[in-house]
Amino acid sequence: MIFGALAMIACGDKKEKETEENTTIGNTSTEETTQTRQGDSQDASDSDVVEITIEGNDQMRFNKDEIRVKAGQTVRLTLKHVGQMDKNAMGHNWVLLTQGTGIPEFGGAAVSAKDNDYIPEGTDKVIAHTKMIGGGESATIEFEVPEKGTYDFICSFPGHYSLMKGKFIVE
């Protein structure tokens with residue numbers, strides 16, 4: 001069992017390094033934000049929409065471990081599951097947690113929330129999240145960027161948060 005876990009982690013690390021080479025901006029794999037501007041007649045709130053795409057795969061990895069945005073922006077985030085496995089076996093979501101949330105504690109609570117896409121009912125620890133998706137699917141959400149600071153994002157499918165996590169940095 002340990003050997004299998006190590007093999008999966010090793011394969012995931014190789015895939016992550018390949019992906020990082022293709023998406024690295026600066027020192028780490030990050031998502032640099034760009035504003036969507038379609039014309040002068042667009043109202044001010046639309047001019048601050050940031051489009052972000054993040055991918056999850058069958059090796060339990062996101063292709064980005066850091067996302068940077070500016071306070072006051074609206075994020076339109078698309079999660080793409082680039083693997084092939086069904087969501088019951090290898091489902092992924094993207095969950096932005098409030099500052100100070102313990103990832104293992106949240107992940108432990110999420111295990112019993114299968115009917116709610118592994119988001120605990122009534123939690124105040126989630127700023128935004130996508131629905132749970134399987135291989136070949138995608139989900140898009142839109143949310144207001146929280147105040148300046150560093151936040152954690154994870155996949156809350158049971159056991160995934162230990163590998164599928166990153167920092168959401170608000171400047």
inquiry  = So, in the range 125-161, exactly how many residues are surrounded by fewer than 16 Cβ atoms within 10 Å (Cβ to Cβ) and hydroxyl-bearing (S, T, Y)?
reply    = 3
request  = Quick one: in the range 88-112, of everything that is in a loop (DSSP other than H, G, I, E, B) and out of contact with any Leu (no Cβ under 8 Å at 6 or more places or on another chain), which residue is surrounded by the most Cβ atoms within 10 Å (Cβ to Cβ)?
outcome  = G91
note = Taking the range 162-171 and keeping residues in a loop (DSSP other than H, G, I, E, B) and either under 11 Å from the mean Cα position of the chain (by Cα) or crowded, with 18+ Cβ neighbours inside 10 Å (or both) leaves M164
Long-range neighbours under 9 Å by Cβ, at least six apart or interchain, first residue farther than 20 Å from N57 by Cα within the range 148-169, second assigned to a strand (DSSP E or B) and at pLDDT below 95 = I169/T30
key: Any hit, the range 128-143, residues being acidic (D, E), assigned to a strand (DSSP E or B) and within 12 Å of L97 (Cβ to Cβ)   = no
note = Scanning the range 110-146 residue by residue, those of a type in the set (D, E, K, R) and more than 21 Å from V50 (Cβ to Cβ) turn out to be K114, D115, D117, E121, D124, K125, E137
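The values are calculated or read from the model by the stated rules, or taken from the named source; none is laboratory data. Just so you know, these numbers come straight off a predicted model, no measurement behind them. No Cβ is skipped: glycine too gets one built from the backbone with ideal geometry, and neighbour counts run over all protein chains shown.
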